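Contents: one structure, followed by commentary.
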Amino acid sequence: MNKDFTFTIKRSRFDENYNPSENTRITTNFANLARGDNRQQNLRNTLVMIDNRFNALAHWDNPKGDRYTVELDIISVEMNIEAEDNRFTFPAIEILKTTIVDKQTNERIEGIVGNNFSSYVRDYDFSVLLPDHNKAQAEFSIPQDFGALHGNIFKHFVNSEAYQQNFSKPPVICLSVSNKNVYQRIGNEHPVLGIEYQQQGSSLTEAYFKKMGLQVRYFMPPNSAAPLAFFFIGDLLNDYSFIELIGTISTMETFQKIYRPEIYNANSVAGQHYQPSLTNQDHSLTKIVYDREERSQLAIEQGKFTEKHFIKPYKNILEQWSAQYAF
């Protein structure tokens, strides 16, 4: 058994001509947009929204609000497992990489990798393992070592030769805040990230991402309706430039306006004491077609796919590797 699993990185451009590959999780944000009769218009409108938001935030020396455009690459990460003289490859992770193009200077500025985060194993953990564990429970509980395997796979990837050769900085993953939690302003304000919030209590998502080696801070950027959750390694405020951070904000806030308009396209702004609500009726819709219910159902299907083709066949190998893995 080869305990030092390796990774293969593949890139595909996310633009108006994007078509998901066979290995892409069909619940992934960008893949969902690229389906159906409105696929090209969906993609075009999404990219325009990202560019407009970027230029609004990067307003200095940008009087017409059209200086920058954001290019997005989908980073598909395959995990290679050697077992009994056989080599098995599993589509472990998908993230996004931003590149900012300064049309005034013709400079291409490397952006942040991470942004969106998709994982078959996370689908399995949350859509299969966790519900099965709680079926016969009187009270909700978390399985022992929940998220440990997934966390070790992610940490191993970030520290892998493949990652180091392709990316110069650690990843930042940007997610929606949870409608189950309450967030409080704490008085800190950043020029680009905006007003900082603190989550009251702990959350399962925060604990899950902590096992991936990530800490979290919550910021509401200027002219946003709600805070975003930024998961990172190191120092979020000092490790990345304003331009890099704006690339992530413009990309992920756009996705959230499409997927969670009740929160991120709300007609009122989050206050001092804020609890997001997916039942908020006072919000606006984008012109982008998206089926949120279908996406939830597909997460279960893909969790079961992971159980059948990855977790069960390689259970012993994965458990031994994860138990011995140390970062």
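Any residue at all in the stretch 203-211 that's outside any helix (DSSP H, G or I), free of Cβ contacts under 8 Å to residues at least 24 places away in the same chain and more than 30 Å from ASN45 (Cβ to Cβ)? Scanning the stretch 203-211 turns up no residue that is outside any helix (DSSP H, G or I), free of Cβ contacts under 8 Å to residues at least 24 places away in the same chain and more than 30 Å from ASN45 (Cβ to Cβ).
Which ones in the stretch 191-207 are within 22 Å of the chain's Cα centre (by Cα) and under 22 Å from PRO222 (Cα atoms)? Listed by number, the residues that qualify are VAL192, LEU193, GLY194, ILE195, GLU196, TYR197, GLN198, GLN199. Of the numbered criteria (1) touching a residue at least 12 places away in the same chain (Cβ under 8 Å); (2) part of a loop (DSSP other than H, G, I, E, B), the one ALA136 fails is (1). Considering only the stretch 196-235, state which residues are β-branched (Val, Ile, Thr) and either modelled with pLDDT under 95 or within 21 Å of ASN55 (Cβ to Cβ) (or both). Once the filter is applied, which keeps residues that are β-branched (Val, Ile, Thr) and either modelled with pLDDT under 95 or within 21 Å of ASN55 (Cβ to Cβ) (or both), the stretch 196-235 yields only THR205. Restricted to the stretch 236-255, and to residues there that are at pLDDT 95 or above, under 17 Å from the mean Cα position of the chain (by Cα) and not β-branched (Val, Ile, Thr), the residue that is nearest to VAL269 (Cα to Cα) is GLU253.
Filtered by the rule that a residue be closer than 16 Å to ILE75 by Cα, outside any loop (DSSP other than H, G, I, E, B) and open to solvent by 50 Å² or more (accessible area, probe 1.4 Å), the stretch 151-194 gives GLU161, GLN164, GLN165, ASN166. Once the stretch 76-107 is narrowed to residues that are touching a strand residue (DSSP E or B) at 6+ places or on another chain (Cβ under 8 Å) and without any contact (Cβ under 8 Å) to a residue 12 or more places away in the chain, the residue that is nearest to SER168 (Cα to Cα) is GLU107. Screening the candidates LYS97, LYS135 for the property of being of a type in the set (D, E, K, R) and more than 19 Å from PHE167 (Cα to Cα) yields one hit, LYS135.
The values are calculated or read from the model by the stated rules, or taken from the named source; none is laboratory data. Remember, it's a predicted structure, so these values are computed and weren't measured experimentally. Every residue, glycine among them, receives a Cβ derived from its backbone with ideal geometry; neighbour counts consider all protein chains shown. SASA here: full protein model, heavy atoms, side chains in, ligands and nucleic acids out. Shrake-Rupley method; radii C 1.70, N 1.55, O 1.52, S 1.80 Å.
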